[in-house]
Amino acid sequence: MRIAMIGTGYVGLVSGACFAEFGLDVVCVDRDADKIARIERGEMPIYEPGLDELVARNRDAGRLAFTTELGDAVREADAVFIAVGTPTRRGDGHADLTYVFGAAEDIAACVSRPTLVVTKSTVPVGTTRRLWDFFRERRPDLPIEVASNPEFLREGSAIGDFMRPDRVVCGVETERARDILAQAYRPLNLIETPILFTGLETAELIKYATNSFLAMKITFINEIADLCEKVGADVQAVAKGIGLDGRIGRKFLHAGPGYGGSCFPKDTLALLRTAEQYDSPLRTVETVVAVNEARKRRMVRKITDACGGSVAGRAVAVLGVTFKPNTDDMRESPSLVILPALQAEGAEVRAYDPKGMEEARRLLPGVIWGEDPYGILEGADVLVILTEWNEFRGLDLDRVRRMMREPRIVDLRNVFDPERVVRAGFSYVSIGRPAIDGSLPEKH
Ligand code: UGA
């Protein structure tokens, strides 16, 4: 079976490489010649653990190719997956479908046999059907069918998520579409992955409802964390206690500085626009969006409070600026709100991130960047943990304390065990756990 994957962003590149790993013949297409040339040299446009080896292995096996020529890839394909970006449109929160319909235009212009076109990008409810109408109009001579096959992979663990998903969702309305997608995902039968066949709109809505529900779960535990701080409870134990109820589940109950990334912020907004359009309000999601926005600013207050009410003239050392670990992605990262706000309050902000600094340098002017975690700590008044990269867990806290002017940690991801930090002589503020004033022993 041959497939064409249009777009070599996160979803396109990972899905294309994983389909090749399943044994399919895959051609990935991107207009950006530079990007294609780099991928062909083995340079991945994104940091994703294991992706470079996966791409190299499948290219060497002859199952995965890259091109800028959409026509060549599409003409031979049994299925064409559209995996281009759907950014939030400036101003109104709608998903911008310019790239999706641009790709459809190109496909319609070159397809020469019956083809299945599958939306893998996250597209607003109704888009796949609109594409179907579009193809019928453009190419009445050919049976071009459509399907919706949303992707649920997470950055940082994208390959595992694709190869061992909780489920696969296929919106199909013809036998042929169903057969082709069943064949594409056949290897997952071995691990008994549920493959859910639904209508087009249902599949599209499952994607938005999933991301909005997860965003709601995070926002819920974040608010519970605030309450924990007030009543003297421990949010991690609360999360465990509620998560062990099988009806709730333990995942996505890790309290933090608010969700970010390329998906939750964009998809919650797009779902709200759909709800508005159909006059079917989603008050819960509206609240989630508002609470999450406010949370980032609240984190600034938490840091200033920990510094005695003001960060003016203080050196703030921030570890982690990406929206989550194991990615270099800065999109909608809480750091983009928190760091400038600290600067605006007069702090000298220094930061280090294992993978995100190249992009972050551009987005966060005025920040002083370190070569490693210790490179930003000399004379710092507070250490803020903003992203839970594994390498921060093993910091030598004695060394950290000796370097800092004030032994003070604000841990917005709860990476440290409070006892260990306090034993090391720090005052410690974390999320949803009682703040602890360390014994603050003499520095030596
Ligand atoms: C998310 C979904 O998890 C994927 O299933 C989906 O395919 C993807 O969006 C998408 O629509 O493309 P991703 O944005 O890569 O994946 O990252 P997540 O791991 O979901 O994290 C999103 C944000 O929530 C991060 O800022 C993270 O720090 C935060 N988060 C996550 C928490 O604060 N607490 C948690 O317990 C989990």
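Here are the numbers for this structure:
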quantity: Listed residues 336, 259, 318: farthest to the positive end of the dipole of the stretch 221-370 (Cβ charges); calculated: 318
quantity: Cross-link table 207/355; 35/324; 266/296; 35/217, entries beyond 26 Å C-alpha to C-alpha; calculated: 207/355; 35/217
quantity: Cα lying deepest toward the dipole's positive end in the stretch 2-198, options 66, 147, 20, charges on Cβ; calculated: 147
quantity: Electrostatic dipole magnitude of the stretch 2-198 [Cβ: Lys, Arg +1; Asp, Glu -1; Cα centre; debye, to 20]; calculated: 280 debye
quantity: Probe 1.4 Å, accessible area per residue of the chain, Å²; calculated: 44 Å²
quantity: Cα pair count fraction exceeding 32 Å, expressed as % - the chain; calculated: 44 percent
quantity: Dipole moment magnitude, nearest 20 debye, the chain about Cα centre, only Lys, Arg, Asp, Glu C-beta charged; calculated: 780 debye
quantity: The stretch 156-251: relative contact order in percent, alpha carbon pairs under 8 Å with at least 6 residues between; calculated: 23 percent
quantity: Degrees separating the helix 10-21 axis from the principal Cα axis of the chain, which is the longest one; calculated: 60 degrees
quantity: Mean Cα-pair separation over length for the stretch 2-198, i.e. relative contact order, pairs under 8 Å, 6 or more apart, %; calculated: 20 percent
quantity: Helix-only CD estimate at 222 nm, as mean residue ellipticity for the chain, using -39500 (n - 2.57) per DSSP H run (n ≥ 4); calculated: -13000 deg cm²/dmol
quantity: Residue among 120, 207, 240 with the largest mean-square fluctuation in a Gaussian network model of the chain, springs linking Cα atoms under 10 Å; calculated: 240
quantity: C-alpha long axis of helix 335-344 to longest principal axis of the chain, angle in °; calculated: 40 degrees
quantity: Solvent-accessible area, 1.4 Å probe, carbon plus sulfur percent, for the chain; calculated: 49 percent
quantity: Residues whose placed amide H lies under 5 Å from that of residue 118, excluding near-sequence neighbours; calculated: 80, 81, 82, 147
quantity: Principal semi-axes in Å for the stretch 1-118 [√(5λ), Cα gyration tensor, largest first]; calculated: 22, 19, 12
quantity: Within the stretch 200-309, chymotrypsin sites (Phe, Trp or Tyr not before Pro) in DSSP loop having at most 15 other beta-carbon neighbours inside 10 Å; calculated: 278
quantity: Relative contact order %, the chain, counting alpha carbon pairs below 8 Å whose residues are six or more apart; calculated: 11 percent
quantity: Selected from 284, 268, 303, residue furthest toward positive end of dipole (the stretch 256-359; charges at beta carbon); calculated: 303
quantity: Total charge dipole magnitude, the stretch 171-307, about the Cα centre, Cβ charges on Lys, Arg, Asp, Glu only, Debye to nearest 20; calculated: 500 debye
quantity: Centroid-to-centroid separation of the stretch 187-264 and the stretch 10-41 [C-alpha atoms, Å]; calculated: 30 Å
quantity: C-alpha long axis of helix 175-184 to longest principal axis of the chain, angle in °; calculated: 50 degrees
quantity: Gyration tensor (alpha-carbon) shape descriptor, the stretch 187-261, a/c threshold 1.5; calculated: prolate
quantity: Rounded if a/c under 1.5, otherwise prolate or oblate - the stretch 211-340, Cα gyration tensor axes; calculated: oblate
quantity: Of 230, 266, 217, the one that fluctuates the most in a GNM where the chain has Cα springs shorter than 10 Å; calculated: 230
quantity: Among 91, 12, 249, residue whose mean-square fluctuation peaks in a GNM of the chain (springs only between Cα atoms under 10 Å); calculated: 91
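The values are calculated or read from the model by the stated rules, or taken from the named source; none is laboratory data. Note that the structure is predicted; figures quoted are calculated from it, not measured. With ideal geometry, Cβ positions are generated from the backbone for all residues, glycine too; neighbour counts draw on all protein chains shown. Only protein heavy atoms, including side chains, enter the accessible area calculation; ligands, DNA and RNA are left aside. Shrake-Rupley method; radii C 1.70, N 1.55, O 1.52, S 1.80 Å.
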